[in-house]
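To keep things clear, I will list the structure first and then write my remarks on it.
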Amino acid sequence: MKDPFLRLRARFLSIKAFPRLPLHIWILFHAGLLIALGLSVFLSGPVRINVNLFDIIPASRGLKAVAAADKALGDRNSREVIILAGHPDFARAKKGAELLYAALADDSNSADGGGIFESASLFVDETLMAQFTGFLHQYRYMLLDSGTRRLLESDGAGMIAAEALGSAFGAFNFTSLDYLETDPFFLVERGIKQFFASSLLSSGAMSLRDEVLAASHDGSWYVMIRGTLVPRGVSLTNDDSAVEKIYTACNSIAAENQGLGFVYSGVPFHSYAGSSSAQREISLISTITLIIIILLFLYVFRSPLPALVSVFAAGLSVVMAITAALLFFREVHILTFVFGTTLIGTCVDYSIHFFIHWRANGNARTGAELRSLIFRGIALSFVSSTICFMVLLFAPFVILKQFAIFSLFGLSSSFLTVTCLYPHIKMPRQKQCLPQFFRPVPPRLKRGALFLIPAVFLILLFLNRGKLGIENNIGGLYTMPAFLMESEKTAAVVLDHGSAGWYFIVAGSSPEETLEREELLREKLEAELAGDKLGSYLAASLFIPSVRTQKQNYAAAETLLPLAEGQFANLGFPPGAAAEFRREFAGARNQYAVPGGDIPPYLGELISKLWIGRAGESFYSCVLPLHASNEGRFRQIAEELEGVYFVNKVKDTGKELDLLTHIMLLLFLAAYVLIAVMIKLFYPWKQTARICAIPFMLILVSLTVLACNNIPVGFFSAVGLILVFGLGLDYMFYITESEKREGLRETPQHSLTILAIFLSFATTALSFGALALSSFVPVHIFGLTVFSGLTAAFVSAMLVTGGDSL
């Protein structure tokens with residue numbers, strides 16, 4: 001026997017009875033997992049479920065150098081909300097905003113009684129303005145706006161002095177005259193004017209009116225509340241869900257104030273809508289699948305025992321899967337559970353094969369004999385499925401790794417339950433005939449179907465060939481609810497923010513280096529403002545420039561010193577005031593404002609949206625181009641500057657998903673090779689070729705179904721192809737093992753195997769078919785791919801079997 005594969009296969013086949021699998025293996029596996037998770041929680045803190053819809057988006061490889069900063073920025077943005085209170089009358093719109101702000105800011109129903117906002121703003125009142133004015137006064141020489149500095153550097157000090165006198169004796173001032181003795185040139189007022197000109201860019205078309213930010217549109221006034229939710233506020237639980245509390249408060253206030261309405265904008269609202277939908281679908285899919293499986297079991301077995309035991313095994317598998325995922329990752333995304341519901345149908349497969357023979361196979365008198373009868377089939381099935389799930393561990397995407405661990409441990413639990421625990425179930429006294437779902441089909445018809453079915457799908461695929469291709473449109477992964485879409489449309493018009501979802505990330509080894517690089521970027525952007533490619537921009541250094549720039553501002557302000565005597569005289573101060581002014585100016589030489597320092601709340605809230613701070617070993621900031629229209633130019637600017645990265649999240653993520661899709665297809669090929677080698681270990685070439693031909697059929701059918709539904713090959717369909725490959729081969733393993741035992745004869749035992757395969761297909765198809773009905777696009781694509789592929793695998797297996805049952 002020269003073929004090494006044949007020698008290994010002969011050695012395996014020479015085993016007359018499989019070794020007993022003791023019950024303590026099952027106990028050690030399940031108890032060990034639970035104890036390990038308990039210890040990890042005790043030693044490392046609690047685990048959590050990630051319900052942020054947009055965390056399913058993988059990080060771009062092009063941003064690997066600033067991945068930590070991009071994640072920190074994404075985490076912050078994922079908690080920011082804008083709520084607009086709208087009414088035709090401004091006073092009533094403001095009252096509605098005040099009522100909502102009070103209701104949310106004073107919320108004490110949370111688990112810790114701390115409210116739902118990390119920070120929130122509605123009013124720009126005298127207290128806030130006084131704090132901000134005091135801050136600008138303290139750093140008035142260092143925080144000169146660019147226009148003032150240019151005037152000072154171009155002999156414009158006299159003009160500034162004259163404008164200050166005009167403000168001092170004018171009818172209206174931005175600032176109090178209390179600072180006149182120390183700020184005779186009104187540098188604070190100039191700074192406030194520049195601040196509002198820049199800061200209101202973050203509010204789009206909103207303007208300050210009666211201490212609130214408001215805008216008029218289409219006959220209504222809208223007053224803005226802007227806030228950042230506390231991290232626990234994105235929870236989906238009824239106790240802590242901030243979005244649920246916002247909706248409840250808004251509905252209550254609107255019901256008591258006729259004509260008042262609210263507009264919502266921000267990632268948390270969409271994350272809540274998508275995650276809530278996914279959570280509801282988990283419950284619905286699991287419940288419906290479980291009910292149908294139970295009814296099917298009761299009909300086939302005419303006994304509640306197989307149904308109850310199978311449900312217990314599937315439930316235990318899911319518990320072990322969750323336990324393992326939390327143990328390995330500490331945080332598991334809710335999408336993992338959506339995909340993981342398919343585990344129910346897969347785990348039930350092993351139970352089906354056991355109980356079919358337990359109920360009707362007269363050749364199996366004990367549990368041990370029954371296990372030996374089915375062991376090779378379910379073992380090969382388990383190994384092939386395990387290989388497919390294991391290759392997902394090599395995908396550079398954490399949710400796929402979570403799904404792989406979830407499924408691997410869930411399947412392991414089910415396999416051990418069937419092989420270690422089930423043989424201890426008491427055998428029935430009498431065997432019974434089970435219902436048959438198939439009738440003998442003439443071999444000629446089988447051969448015809450084997451050629452006709454592929455031909456039909458090849459024709460359909462050819463007709464839809466233009467729809468084939470790898471494409472991932474991130475914008476199509478989420479369908480916005482109608483009321484949120486209307487809210488976002490209104491908010492976009494009212495705010496007129498001008499953000500295209502593009503931004504720059506600026507990196508530096510220190511806060512100073514980051515600000516200096518940001519200022520170099522701003523010089524480039526200032527040049528773009530002259531054209532029609534950029535409307536404006538926001539940057540932290542607009543408000544807190546680098547120390548280098550602050551030193552230059554201070555040097556420019558020195559040109560005011562020769563004018564001090566005349567300025568104080570014109571303002572009516574005694575002669576000694578100028579000398580005191582010079583001493584105070586000299587004392588302010590080394591006082592610099594820095595991000596993260598003692599910054600007033602009103603300014604700090606704005607800068608916090610731009611200054612990322614430390615992430616890892618570096619410091620980062622974000623620069624937002626507004627009303628921008630030339631992505632290519634911005635990418636070029638980023639390439640020209642050290643430490644500057646341009647991000648178009650939607651486009652970059654689409655490219656990343658395209659790359660991941662190619663990786664998944666390569667993993668599919670790797671899984672195919674590994675499984676083909678495994679099959680050759682146990683079967684001769686003819687049977688190996690027959691089994692390995694099945695994947696071509698399931699790929700053909702899956703691609704055709706996707707093309708006919710105008711769905712390109714994407715990341716989630718590629719994942720589905722890998723899974724259906726492993727699951728679909730199970731049918732061929734069971735049939736091949738049965739044919740070897742029965743010698744290609746249509747025996748009662750072979751019919752039992754065919755019945756078990758049908759029930760396995762039905763339960764698994766139910767799980768994945770239910771996902772195909774999901775409104776969540778990634779889940780829908782995944783379910784449709786796997787369901788169509790599984791159906792193709794089942795039909796193909798029935799057609800190539802040596803017997804005549806179909």
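Some points to look at:
- Probing with 1.4 Å while keeping every protein chain in the model, the per residue accessible area of the chain equals 43 Å².
- Partners for Lys680 among lysines (Cα-Cα distance below 28 Å; same-chain residues under 8 apart left out): Lys2, Lys16, Lys446, Lys740
- Mean ellipticity per residue at 222 nm, deg cm²/dmol - from DSSP H runs of n ≥ 4 across the chain, formula -39500 (n - 2.57): -20000 deg cm²/dmol
- In order along region 210-226, the phi-based Karplus estimate (6.51 cos²θ - 1.76 cosθ + 1.60, θ = phi - 60°) of 3J(HN,Hα) comes to 6, 6, 9, 8, 9, 8, 10, 8, 6, x, 10, 9, 10, 10, 9, 10, 10 Hz; Gly and Pro are listed as x.
- Folded to 0 to 90 degrees: helix 649-682 orientation relative to the chain principal axis, Cα: 20 degrees
- Database remark: amide H of Leu773 closer than 5 angstrom to no amide H (H placed geometrically; neighbours at sequence offset of 5 or more, or on other chains; Pro and chain starts carry no H).
- Contact order, relative form, for region 650-781: 24 percent (alpha carbon pairs under 8 Å, 6 or more residues apart, mean separation divided by residue count).
- Additional length obtainable on full extension of the chain from Trp685 to Glu181, 0.36 nm per residue less Cα span: 171.6 nm
- Label sites at Ile27 and Phe696, each approximated as a point 7 angstrom past Cα along Cα to Cβ, lie 5.1 nm apart.
- Within the chain, the longest run free of GluC sites (Glu not before Pro) that sit in a DSSP loop with at most 12 other Cβ atoms within 10 Å is 1-616.
- Zone residues, region 591-607, relative to Gln552, backbone N less than 17 Å from point 7 Å out along Cα-to-Cβ: 593
- With the largest listed first and rounded to whole Å, the semi-axes of the equivalent ellipsoid of region 639-797 from the Cα gyration tensor are 38, 19, 11.
- Local electrostatic count at Ser760 - Lys and Arg +1, Asp and Glu -1, tallied over other residues with Cβ under 14 Å: -3
- Pairwise inverse Cα distances across region 535-669, averaged and inverted, put the Kirkwood hydrodynamic radius at 19.7 Å.
- Helix 67-77 axis, angle to the chain major axis (alpha carbon atoms, nearest 10°): 80 degrees
- As a length-normalised measure over Cα pairs under 8 Å and 6 or more apart, the relative contact order of the chain settles at 20 percent.
- Global geometry of region 487-541, whether rounded, prolate or oblate, following the gyration tensor of its Cα atoms and the 1.5 cut on a/c: oblate
- Taking amide H as placed 1.01 Å from N in the peptide plane, Asp496 has its amide H under 5 Å from the amide H of Ala205, each at least 5 places away in sequence or on another chain.
- Using θ = phi - 60° and Karplus 6.51 cos²θ - 1.76 cosθ + 1.60, couplings along region 571-576 (whole Hz; Gly, Pro as x): 8, x, 8, x, x, x
- Potential lengthening of the chain between Leu561 and Asn709 amounts to 45.8 nm, from the contour at 0.36 nm per residue minus the alpha-carbon distance.
- Computed from the C-alpha gyration tensor, the three semi-axes of the ellipsoid equivalent to region 464-568 are 45, 20, 13 Å, from longest to shortest.
- Here the Kirkwood formula, the inverse mean of 1/r across different C-alpha pairs, assigns the chain a hydrodynamic radius of 31.1 Å.
- Per-residue Karplus couplings for region 758-764, computed as 6.51 cos²θ - 1.76 cosθ + 1.60 with θ equal to phi - 60°, are listed in order as 4, 5, 4, 4, 4, 5, 5 Hz, Gly and Pro entered as x.
- With one equal scatterer per alpha carbon and no solvent term, the Debye-computed log10 I(q)/I(0) for region 524-574 at 0.17, 0.27, 0.29 1/Å reads -0.74, -0.98, -1.02.
- Among beta bridges from DSSP that stay inside the chain, the antiparallel ones total about 90%.
- Straight-line reach from Lys467: taking Cα to Cα under 24 Å and skipping same-chain neighbours fewer than 8 places apart, the lysines in range are Lys651, Lys655.
- Taking the accessible area of the chain, probe 1.4 Å, and keeping the other protein chains in place, the carbon and sulfur fraction comes to 62%.
- For Leu626, distant residues with modelled amide H under 5 Å away: Gly535, Ser536, Tyr537, Leu538
- Taking the longest Cα principal axis of the chain as reference, the axis of helix 443-463 is set at about 20 degrees.
- In units of the compact-protein estimate 2.2 N^0.38 Å, region 370-482 shows a Cα radius of gyration of 1.68.
- Separation between Cα centres of region 574-632 and region 363-442, rounded to whole Å: 64 Å
- The value of relative contact order for region 570-649, using C-alpha pairs under 8 Å at least six residues apart, is 12 percent.
- Evaluated at q = 0.09, 0.16, 0.18 Å⁻¹: base-10 log I(q)/I(0), Debye formula over Cα of region 588-724: -0.58, -0.99, -1.10
The values are calculated or read from the model by the stated rules, or taken from the named source; none is laboratory data. On a predicted model such as this, the values are computed, not experimentally measured, just so you know. With ideal geometry, Cβ positions are generated from the backbone for all residues, glycine too; neighbour counts draw on all protein chains shown. Ligands, DNA and RNA are excluded from the accessible area calculation, which covers all protein heavy atoms including side chains. Shrake-Rupley method; radii C 1.70, N 1.55, O 1.52, S 1.80 Å.
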